[in-house]
2 protein chains.
Amino acid sequence: MTIKEIAKLANVSLGTVDRVIHKRGKVSKETEKKILDIIDKVNYTPNIYARGLVLNKQYRIKALLPEFRQGQYWEMPVKGMQNAATNLSQFGIQLEVLYFDQNSVTSFNSAAKQLLSYKPDGVILAPVINFEAVKLSKKLKDAQIPYVLIDSLIQNSEPLSFIGQDAFQSGRLAAKLLCTEINLKGSISIISIKNNENYNSTLQQRIEGFKDYIANSDFIDQISLNESHIHVGSPDMPMAIENAIGTKENVDGVFVPSSMIHHVAAYVDRYRQRFPNLKMIGNDLIPNNIRHLEKGTIHYLIGQRPENQGYYALSSFYKHLVLGQRVAEDIYLPLDIITQENLKYYNNNFQYNF
Amino acid sequence: MTIKEIAKLANVSLGTVDRVIHKRGKVSKETEKKILDIIDKVNYTPNIYARGLVLNKQYRIKALLPEFRQGQYWEMPVKGMQNAATNLSQFGIQLEVLYFDQNSVTSFNSAAKQLLSYKPDGVILAPVINFEAVKLSKKLKDAQIPYVLIDSLIQNSEPLSFIGQDAFQSGRLAAKLLCTEINLKGSISIISIKNNENYNSTLQQRIEGFKDYIANSDFIDQISLNESHIHVGSPDMPMAIENAIGTKENVDGVFVPSSMIHHVAAYVDRYRQRFPNLKMIGNDLIPNNIRHLEKGTIHYLIGQRPENQGYYALSSFYKHLVLGQRVAEDIYLPLDIITQENLKYYNNNFQYNF
DNA sequence: TAAAATAGCGTGTACGTACCTTATTTTTAA
DNA sequence: TTAAAAATAAGGTACGTACACGCTATTTTA
């Protein structure tokens, strides 16, 4: 059904239907109602080709993400976004990624300022620096620029959609796997490793989930837990790791709720004979972690499909801006359990629809 | 860059460029070369909107799949396909699914005949009845109808793409998980359950993978294996299950390489006290299996994203027919490990790009 | 009471492509 | 040499939509 046919049905001209559809006014109440009724009845949807052709519009989406080096976590969402950008470029979706230093509020703010100056049609935001992200989200709201949150949520925000994971449940899952590996008894060390100073709700939730699982198990009495916090790059990191995994009495299991488990794995690997039965579980399929998974130092990795997160983030805008569809509000991606055996088809075989 | 601009650059009319692009002939060699050079240089790609608008073409894709009842495996790929059909309908992709009885060659052939009579623009084929599928694939090739294979491959075929899983690796993964659960020692029963009489390469490969993992482990001596084959619906199924999981001495682990593990789980559940420590692992997130996973009767399920398989199958045709893109030949989907803890985000939260 | 403003509606054009029709030039055959 | 045929090129139209603009009848203002 086309506008022309609707016009014929309503005994009006094409232009009148057009004005009704686009709410341009200058149509009498009764004519408007008649046309709306017909549109409703025949279930009219605009022809995407014709619309795309005439609008010939470019949608500029800016992503604001933490800067990263090769092999670090944020490389993966970016990969997914760029993949989506390739697929969606023919629909006029343009992506540019702006980066900020996770440890520098100044850097975030200057990037945010730049971003706003572009007057983009949409923004993808990783609220790694929570407080500043809140401020930016307010500005975006004022400027009527839709934004998608990726990785974690922020308070009182009204994003077009949120794309991330259930971090609490991720922690519970890690606990379940690790406890099975160590046969439901022994000493477990939770090692929280970060490369920035920000409060990280994701890490926190994972740790809480981890503890929750054990606290609510029937083998809680057989497990002893201790928790340490380490900052990447600090000179006493080796010592901190040493302390965390035990100097005199060794621990049986290690849980690192971030993508940084490879630092512990590297240490364990170096002094292999001291930790013959240590089981380790961490998050994220980054190359350094994968290497240790293949070697057997790490036993499980929990993935959250960061590439898909990136892909969805951009395609949310495609749906919203190009197709004019409603977008799902919250997208929680599955928590993938990865071992040596199923690594292969997670590793480099990400296929995208489209 | 548009055809018009290219025409201007080449100092010819729009129609001439059109003839060159569509190889309609009636253009002198030199003019053709000049135009091709320009097209190459400016990296011309046709505007998908304008093309779609003028062609206004409907692509009729027919899928030929095993019939199913609610809750059975094939429901899931179909769901994915129909989801894709909804998203792609605005691009002129139309899907109709034809069904056949897995136990009836006649049924397959009559459905295949019907399918061919439609002269579809593309076919999605589940080669569950292998021999007949081979014949159909030949006919499709002769008729120059592209087809996508889903679930399993067939010999000597040249599909547009294959979408499925690595069944051998799936079996290895199952073995790894089950062996960890039973603490690397004990008696394991492989129970192959089918609801048809066809040779099923997927099941076979999973079983081989399962055995391969144990055969190449260093605890092979601690494991005893036995294998049984059961046909769903046969009157002696309960007895067969009874025999498979042990009458006098119980087994420690059960592996069912199909989606039919719920039959065993139901049995185990009924006589729970007899199997206090039995660990079970199977395939596919169908409702019956999920229920037993939630209850704890089943410990792990291995998924292969059947909805995604269905989605990819149809979007392969979108890529091929609408966008004119090259399509990835083989798509192996990840082998997902599902437990009580990460079930939620696999269960009903499948999101699709687009 | 005439002029100006406005409501309501229709018309025309452009987007880039595919394809059909017509015009011009070149080649061939008589 | 000329008419017919073939080859080549040009022109035009339609696809469905968005939007600028124009027209008429009515209402408001001066």
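A short reminder: the numbers here are calculations on the coordinates, not readings from a lab. Keep in mind it's a predicted model, so treat the numbers as computed, not measured. Note: ideal-geometry Cβ built from the backbone for every residue, glycine included; neighbour counts use all protein chains shown.
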0 to 90° range, to nearest 10: angle between helix A:75-88 axis and chain A longest Cα axis:
20 degrees
Cα-centre dipole for segment B:93-173 with unit charges at Cβ (Lys and Arg positive, Asp and Glu negative), debye to 20:
200 debye
For the pair A:H229 and B:R24, what calculated FRET efficiency results from E = 1/(1 + (r/R0)^6), where r is the Cβ-Cβ distance and R0 = 56 Å, to the nearest 0.05?
0.20
Give me the distance in nm between label points sitting 7 Å out from Cα along the Cα-to-Cβ direction at B:E249 and A:T2, one decimal.
7.8 nm
Dipole of the protein assembly as shown, Cα-centred, from +1 at each Lys and Arg C-beta and -1 at each Asp and Glu C-beta, to the nearest 20 debye?
3100 debye
Starting at the first residue of segment B:102-115, write each ³J(HN,Hα) from the Karplus equation 6.51 cos²θ - 1.76 cosθ + 1.60 with θ = phi - 60°, in whole Hz, x for Gly and Pro.
4, 9, 10, 4, 4, 4, 4, 5, 6, 5, 5, 5, 4, 4
Angle, helix A:130-142 long axis vs. longest principal axis of chain A, Cα atoms, 0 to 90°, nearest 10?
0 degrees
Sites matching GluC sites (Glu not before Pro) across segment B:274-347 that sit in DSSP coil, with at most 14 neighbouring C-beta atoms within 10 Å
B:E329
Find the relative contact order for segment A:105-177 and round it to a whole percent, using C-alpha pairs within less than 8 Å whose residues are 6+ positions apart.
25 percent
Round to a whole angstrom and tell me the spacing of the C-alpha centers of segment B:147-220 and segment A:146-160.
42 Å
For the protein assembly as shown, what's the radius of gyration and Dmax over Cα atoms, in angstrom?
28.7, 90
How far is A:P235 from itself in the other copies, in nm, if each label sits 7 Å out from Cα along the Cα-Cβ line, shortest first?
8.4
Work out the mean other chain Cβ neighbour count within 10 Å for the residues of B:162-174 and drop it here as an integer.
2
Just want the answer: with Cβ charges of +1 for Lys and Arg and -1 for Asp and Glu, which residue in A:S152, A:P334, A:L64 is farthest toward the dipole's positive end in the protein assembly as shown?
A:L64
Just how many % of Cα pairs in chain A lie over 25 Å apart, if you round to the nearest whole percent?
60 percent
Taking a 30 Å limit on the Cα-Cα distance, which of the listed pairs A:K185/A:K295; A:K62/B:K57; A:K319/B:K138; B:K79/B:K139; A:K79/A:K211; B:K119/B:K344 fall beyond it?
A:K62/B:K57; A:K319/B:K138; A:K79/A:K211; B:K119/B:K344
Position A:V54, label points 7 Å along Cα→Cβ, spacing to each other copy in nm (shortest first, one decimal):
1.9
Just checking the output field for A:50-63: average partner chain Cβ neighbours within 10 Å of each residue's Cβ?
2
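Order of B:32-39, A:232-239 by packing, highest average Cβ count within 10 Å first?
B:32-39, A:232-239
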Percent RCO, i.e. relative contact order, over segment A:3-45, from Cα pairs under 8 Å lying at least 6 residues apart:
37 percent
Point-charge dipole on Cβ atoms (K/R +1, D/E -1) for segment B:162-213, about Cα centre, debye to 20:
140 debye
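Thinking of segment B:3-45 as a set of Cα atoms, what percent of all their pairs are more than 14 Å apart?
33 percent
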With 10 angstrom as the radius, rank A:H292, B:H22, B:H262 by how many other C-beta atoms surround their C-beta, starting from the fewest.
B:H22, A:H292, B:H262
I'd like the FRET efficiency for B:Q204 and B:K139, computed as 1/(1 + (r/R0)^6) with the beta carbon distance as r and R0 of 30 Å, rounded to 0.05.
0.65
What does the average come to when, for each residue of peptide B:302-308, you count the partner chain Cβ atoms lying within 10 Å of its Cβ?
1
Pick out, from A:G25, A:L9, A:Y44, the residue whose Cα sits farthest towards the positive end of the charge dipole of segment A:3-45, with +1 on the Cβ of Lys and Arg and -1 on the Cβ of Asp and Glu.
A:G25
7 Å from Cα along Cα→Cβ at both B:K344 and A:L116: what's the point-to-point distance in nm?
3.6 nm
